[in-house]
Number of protein chains: 6
Amino acid sequence: MSNDGNERYQRGLEKMAEVDREGCQRVVEVLKTIAPEFANYVVEFAFGDILSGPVLNLKTRELLIVAGLTAMGTAAPQLKFHLKAARNVGCTREEIVEAIVQMSVYAGFPAALNGLYAAKEVFDAEAN
Amino acid sequence: MSNDGNERYQRGLEKMAEVDREGCQRVVEVLKTIAPEFANYVVEFAFGDILSGPVLNLKTRELLIVAGLTAMGTAAPQLKFHLKAARNVGCTREEIVEAIVQMSVYAGFPAALNGLYAAKEVFDAEAN
Amino acid sequence: MSNDGNERYQRGLEKMAEVDREGCQRVVEVLKTIAPEFANYVVEFAFGDILSGPVLNLKTRELLIVAGLTAMGTAAPQLKFHLKAARNVGCTREEIVEAIVQMSVYAGFPAALNGLYAAKEVFDAEAN
Amino acid sequence: MSNDGNERYQRGLEKMAEVDREGCQRVVEVLKTIAPEFANYVVEFAFGDILSGPVLNLKTRELLIVAGLTAMGTAAPQLKFHLKAARNVGCTREEIVEAIVQMSVYAGFPAALNGLYAAKEVFDAEAN
Amino acid sequence: MSNDGNERYQRGLEKMAEVDREGCQRVVEVLKTIAPEFANYVVEFAFGDILSGPVLNLKTRELLIVAGLTAMGTAAPQLKFHLKAARNVGCTREEIVEAIVQMSVYAGFPAALNGLYAAKEVFDAEAN
Amino acid sequence: MSNDGNERYQRGLEKMAEVDREGCQRVVEVLKTIAPEFANYVVEFAFGDILSGPVLNLKTRELLIVAGLTAMGTAAPQLKFHLKAARNVGCTREEIVEAIVQMSVYAGFPAALNGLYAAKEVFDAEAN
């Protein structure tokens, strides 16, 4: 709303463009029809504050998100989004698969299996 | 039991030594008194198979585990173990903090807060 | 089975009628074909005991259920049921959206996003 | 409150006596000071309805509860209660350990480890 | 950092003062020693953005948070914080107990029991 | 890879044949295309080590898995797999339903409802 809100918003939009511009736009467009304030929070906080933080590069961050969402097992659409994002920012298929397989020890085999099924969908879509 | 079991067991012990020899020994000793087979699975499967996998280095793996356990929020002793392990294999405090903070978006602020409190305990113990 | 069972059952049916008569009937009919005792527990305990409790009105209760199910993220069909129920007992769209958005802090953005997507489906169905 | 409520309550008390009379009384006494209605629901619904159901014997039921609570990882006091209950109704230590270890595949190693630590505490207390 | 960041920060501090000034300060002080950026996010996003939102009053918000955290069962320190906050903004003990008991249907009896134990601690501390 | 790996792999294949040969093959085939090492771990660890353990028979194990997965609520495809497996190793419909219903107390009604819906699908497919 204010100028600085715009600064965070701007930084969020840039980060979104690095990750998956179209995918992000689709999410934000849907959110604007039902919860416009929350659409702003996704851009400003999730992307503008957290994903834009220093210390870790975007590739590591996306691997961490894939690991976290795989372990939780409650966020199928977001896991798929970040599997694609991980690929967009340069994670190899092998790195992504290893990150998911690692979660089998900590969150169980079903969590890892469902993560791998989602990864397969994302990888297969790339092939086309 | 057989030779190859020993091969996986041996590989697991070596990985444990890289991560936190004493901490691992303590866990395995306790497990042997109640579930000796499971003590073997921890060494052979968790450390010998999964943590010894190729593709990702140990530093990245420990960051991923910290992210996953922070997101789950149900594994306080294991999170503390892997926070210490992450430090032992070369993760900086800043990297660990960023990995935990990142989970605030995906698993909520309480998950991140409890992860940070655990990290603080581990970091404070180092100082001494 | 006995008279008092019937008293609790009766109270449950009345509460169900306030919340979503048709939706409840559909659930109970399916349950009767596979777990008839559990069909009774849904009517008697969930609706006859808990949802009929004093102190909180039905509108507040449905908002609390929406918040709880959004935070859990493991109960998509039940969340959709209670989003509709919340509307039936007088919650505004804005109140429901705020209750879901609030969970973004406590259970993460994916939990809130999936809650909002479900709410959008329920609100869109109303429009017709 | 009514006679039949008393019938379910009576059945619940009898089931509690089979499982762990003292442990149950302690829980119910605490609940009465803060949520007396819920104290009744524990006796009537959890013990009088569900745990008194036909088809499965109490030993199998307690093993199932131990498995479920181990997998969830969010109910430490209740897991400990049911580990003791499982012993009281005739589960061997070996059966309990196997039920917990089995969850390592489905809910991850931390869930199984925390279950085993709790079991060790319960078994050690028996020895005295 | 910028002025508007300060505006959100200021709004967050005011909301914190309504909820539990001392409790919030303690959390923020600890966070500043380990993750100063995240300390800002707690003030700005959790309190300045979300808890300061329109539509729902603070009393309803705190009840919803209590319900959500009870259902999740992974955030004991935060649940206790918000039980106290709920009291501070005017929720009666009876309303809080009902909100927790309601979760027994949706998240299970252990979740509700642990919520009630936490509430008892908070209520008992008030008495002194 | 080595001979003993083959021994565990062999034991896993035999256990899979007891449980659901075709269903297992389908899972393993998919995994081989994306994570061949993990396909081995499923056969060797999940089936060869854990499910082949002594003390508990396969019928009890499958009931425990159904209970655990129902309680977790994050593993729909795996729950369906093990509902079919439970039937294949001799669990009656009534035993399965009771195991699921029991989880209503510990993991909530939505967990039990979704478990029962999955069971209904599996039972209905049998009828044909």
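Each value in this text was obtained by applying a stated rule to the coordinates, not by laboratory testing. Not measured: the values here are computed from a predicted model. We place every Cβ from the backbone using ideal geometry, glycine too, and count neighbours over all the protein chains shown.
Kindly express, to the nearest 10 degrees and within the range 0 to 90, the angle between helix E:58-72's C-alpha long axis and the longest C-alpha principal axis of chain E.
70 degrees
Take every residue in peptide F:16-29, count the Cβ atoms of other chains within 10 Å of its Cβ, and give the average of those counts.
Mean partner-chain Cβ count within 10 Å for F:16-29: 0.
With Cβ to Cβ distances under 12 Å as the rule, what net charge do the other residues near residue E:30 carry (K, R +1; D, E -1)?
That sum, taken over residues with Cβ under 12 Å, equals 0.
Which whole number gives the average, over all residues in F:46-59, of C-beta atoms from other chains lying within 10 Å of the residue C-beta?
Mean number of neighbouring Cβ atoms from other chains: 4.
Calculate how steeply helix C:109-127 sits against the longest principal axis of the alpha-carbon atoms of chain C, using the helix alpha-carbon long axis, and give the answer as 0 to 90 degrees to the nearest 10.
70 degrees
Using a 10 Å cut-off on Cβ atoms, rank the peptides F:28-36, D:104-112 from the highest mean neighbour count down.
Going by the mean number of other Cβ atoms within 10 Å, highest first, we get D:104-112, F:28-36.
So what J values fall out for the range A:21-35 if you push phi through Karplus, 6.51 cos²θ - 1.76 cosθ + 1.60 with θ = phi - 60°, rounded to Hz, Gly and Pro as x?
For the range A:21-35, the Karplus curve yields 4, 5, x, 5, 4, 4, 4, 5, 4, 4, 4, 4, 6, 10, 8 Hz.
Every other copy gets compared here: list the nm distances from the residue C:90 label point (7 Å along Cα to Cβ) to its counterparts, shortest first, one decimal.
Here residue C:90 shows inter-copy label distances of 1.8, 5.4, 5.8, 5.8, 6.4 nm.
What does the copy distance list look like for residue B:9, label position 7 Å along Cα→Cβ, in nm and ordered from shortest?
Listed shortest first, these distances are 2.2, 5.8, 5.8, 6.0, 6.3 nm.
Roughly what angle does helix C:76-88 make with the longest principal axis of chain C, taking Cα atoms, 0 to 90 degrees, to the nearest 10?
90 degrees
Shielding by partners for E:109-122, please: the mean number of other protein chain Cβ atoms within 10 Å of each residue's Cβ.
The per-residue average across the peptide is 6.
To the nearest 500 deg cm²/dmol, what mean residue ellipticity at 222 nm is calculated for chain F from DSSP H runs of n ≥ 4 alone, each contributing -39,500 (n - 2.57), summed and divided by the residues?
-26000 deg cm²/dmol
How far apart are the residue E:36 label points across copies, placing each 7 Å from Cα toward Cβ, in nm, shortest first?
Counterpart label points of residue E:36 in the remaining copies fall at 3.7, 5.1, 5.5, 5.5, 6.9 nm.
At residue D:26 and residue B:25, where each label point lies 7 Å from the Cα along Cα→Cβ, what is the point-to-point distance in nanometres?
Between residue D:26 and residue B:25, the simple spin-label model gives 3.6 nm.
Which value results when the Cα radius of gyration for the range F:12-128 is divided by 2.2 N^0.38 Å?
That ratio works out to 1.06.
Give the separation of the Cα centroids, the range D:28-71 to the range F:55-102, in Å.
So the separation of the two Cα centres works out to 20 Å.
Structure shown: which of A:59/A:80; C:15/E:84; A:80/F:32; C:59/F:80; C:32/F:80; A:84/F:32 lie over 27 Å apart, alpha-carbon to alpha-carbon?
The pairs that break the limit, which is 27 Å between Cα atoms, are C:15/E:84; C:59/F:80.
Chain D: which residue's Cβ hugs the D-to-A rotation axis most tightly, distance rounded to whole Å?
D:108, 2
Consider all pairwise Cα distances in the range B:21-69 and report the whole-number % of them above 18 Å.
39 percent
Can you give the local net charge around residue A:124? Use residues other than it whose beta-carbon is closer than 14 angstrom to its beta-carbon, Lys and Arg +1, Asp and Glu -1.
Surrounding charge for residue A:124 is +3.
Before anything else, pin down the relative contact order of the range F:1-127: Cα pairs under 8 Å, at least 6 apart, normalised by residue count, whole percent.
Result for the range F:1-127 is 24 percent.
Please list, in order along the range F:94-103, the HN-Hα scalar couplings obtained from phi with the Karplus expression 6.51 cos²θ - 1.76 cosθ + 1.60 (θ = phi - 60°), rounded to whole Hz, x for Gly and Pro.
The phi angles translate into 5, 5, 5, 4, 5, 4, 5, 4, 4, 5 Hz.
So if I place +1 on the C-beta of Lys and Arg and -1 on the C-beta of Asp and Glu, and nothing else carries charge, what would the dipole magnitude of chain A be about its Cα centre? I want it in debye, nearest 20.
Roughly 140 debye, rounded to the nearest 20.
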